[in-house]
Amino acid sequence: MKASKETLLQAYRLMCTAKTLSELYEARKDICAKYVHATSRGHEAIQLATALQLKPQDFAFPYYRDDAMLLGMGFSPYDLMLQLMAKGTDYFSGGRTYYSHPSSNRPDLPKIPHQSSATGMQTIPATGTAQGLQYKEQQKLVQYKRGEEPVVLCSLGDGALTEGEISEALQMAALHNYPIIYLVQDNEWDISAHASEVRNQDAPDYAKGFKGLKVESIDGTDFAECYETMSRVVNYVRTHRSPYLVHAKVPLLNHHTSGVRKEWYRPKENLERDQLRDPYTKLNKQLLV
């Protein structure tokens, strides 16, 4: 499904919100530096395009850079800031979990089970959730209207694919046809190491070794392309009940985290090149045409 003008405007508003939050945290780093956090700058298009496909019956396992995705799901900036500042009134965990590692059982939003803040650790629980959905359907414990079947979204960074638990999750999902989408956001950086230093291939080449797992790679900075792709992918998993991996190429426009500053390890040329791929600028230009 192509994004309507209303959807493009909605995405732009949410993108502006995510960008403003990122800038606010940086401007007030005298306060925010006390709490380790990351932001979605550069990743907003693919995150929002994905979030806007999800329904309340779905399950989502975000990773630590998914604040734009949470905004797209329906959480407010206030919700995110309560967790950022580790406030006792934080809806997600009372300030006890790492920023953008939420847990939620709100009936009007996708369900987000609690997860570890360790990188990549959400992948096996997410796959287990998809296994649980399949079991309930096979045992006829639940029935869904066509096109309303729940899916599981597992979001992760590209660096996580070098970890063993990711292989275990993909192996089981492909073997048993679980209804899960693995969204790999590839910004080519694994903390302070470039992709060329830590992995031999990108996610699509790696994932092709798991027979039965559909794989697709897209430009994660183009909201319209991301929306159309994720609409098709989510609908496919809803109806076919089988796994899919989407690899989105994106720039990293902010620090890795508030504690790992981009200027410490990234050449100026690399930062300038990434800035030219800003999804905020791209969507702004598209809307002005």
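Tabulated data for the structure shown
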{"quantity": "Any hit, segment 257-274, residues being closer than 18 Å to Ala195 by Cα and aliphatic (A, V, I, L, M)", "calculated": "yes"}
{"quantity": "First in segment 140-155 and modelled with pLDDT under 95, second anywhere and surrounded by 12 or more Cβ atoms within 10 Å (Cβ to Cβ) and among the aromatic types (Phe, Trp, Tyr), Cβ under 9 Å, 6 or more apart", "calculated": "none"}
{"quantity": "Residue in segment 36-44 that is out of contact with any Cys (no Cβ under 9 Å at 6 or more places or on another chain), surrounded by fewer than 23 Cβ atoms within 10 Å (Cβ to Cβ) and free of Cβ contacts under 8 Å to residues at least 60 places away in the same chain present", "calculated": "no"}
{"quantity": "Glu263 in a helix (DSSP H, G or I), within 19 Å of the chain's Cα centre (by Cα) and of a type in the set (Asp, Glu)", "calculated": "no"}
{"quantity": "In segment 239-253, the residues that are out of contact with any Phe, Trp or Tyr (no Cβ under 6 Å at 6 or more places or on another chain) and surrounded by 21 or more Cβ atoms within 10 Å (Cβ to Cβ)", "calculated": "Tyr244, Val246, His247, Ala248, Val250, Pro251, Leu253"}
{"quantity": "Subset of segment 107-139 [of a type in the set (Gly, Ala, Ser) and under 10 Å from Tyr178 (Cα atoms)]", "calculated": "Gly128, Ala130, Gly132"}
{"quantity": "Ile191, sole failed condition from (1) surrounded by 15 or more Cβ atoms within 10 Å (Cβ to Cβ); (2) in contact (Cβ under 8 Å) with a residue 40 or more places away in the chain", "calculated": "(1)"}
{"quantity": "Failed item, numbered, when Lys211 is tested on (1) touching a Lys or Arg at 6+ places or on another chain (Cβ under 6 Å); (2) surrounded by fewer than 14 Cβ atoms within 10 Å (Cβ to Cβ)", "calculated": "(1)"}
{"quantity": "Qualifying residue in segment 212-230 (condition: out of contact with any Gly (no Cβ under 6 Å at 6 or more places or on another chain) and under 21 Å from Pro113 (Cα atoms))", "calculated": "no"}
{"quantity": "Some residue of segment 65-74 being touching a helix residue (DSSP H, G or I) at 6+ places or on another chain (Cβ under 9 Å), modelled with pLDDT under 90, of a type outside the set (Phe, Trp, Tyr) and within 26 Å of Ala248 (Cα to Cα)", "calculated": "no"}
{"quantity": "Any pair with Cβ under 7 angstrom, 6 or more apart, that starts in segment 67-92 at a residue that is under 16 Å from Gln47 (Cα atoms) and ends at one that is among the polar types (S, T, N, Q) and in a helix (DSSP H, G or I)", "calculated": "Ala68/Gln47; Met69/Gln47; Met69/Thr50; Leu71/Thr17; Gly72/Gln47; Pro77/Thr17"}
{"quantity": "Helices (runs of 4 or more DSSP H) contained entirely in segment 160-251, each with at least 3 residues that are within 16 Å of Gln47 (Cβ to Cβ)", "calculated": "223-240"}
{"quantity": "Filtered residue count, segment 244-289, keeping only those that are at pLDDT below 95 and β-branched (Val, Ile, Thr)", "calculated": "3"}
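Results for (1) surrounded by fewer than 19 Cβ atoms within 10 Å (Cβ to Cβ); (2) under 26 Å from Tyr91 (Cα atoms); (3) in contact with a Lys or Arg (Cβ under 7 Å, 6 or more places away or on another chain), shown as yes or no for each residue.
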site	(1), (2), (3)
Ile112	no, yes, no
Ile124	yes, yes, no
Lys136	yes, no, no
Lys145	yes, no, no
Gly159	no, no, no
Leu183	no, yes, no
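The values are calculated or read from the model by the stated rules, or taken from the named source; none is laboratory data. Source: prediction; values computed, not measured. In this analysis, Cβ positions are derived from the backbone assuming ideal geometry, glycine residues included, and neighbour counts consider all displayed protein chains.
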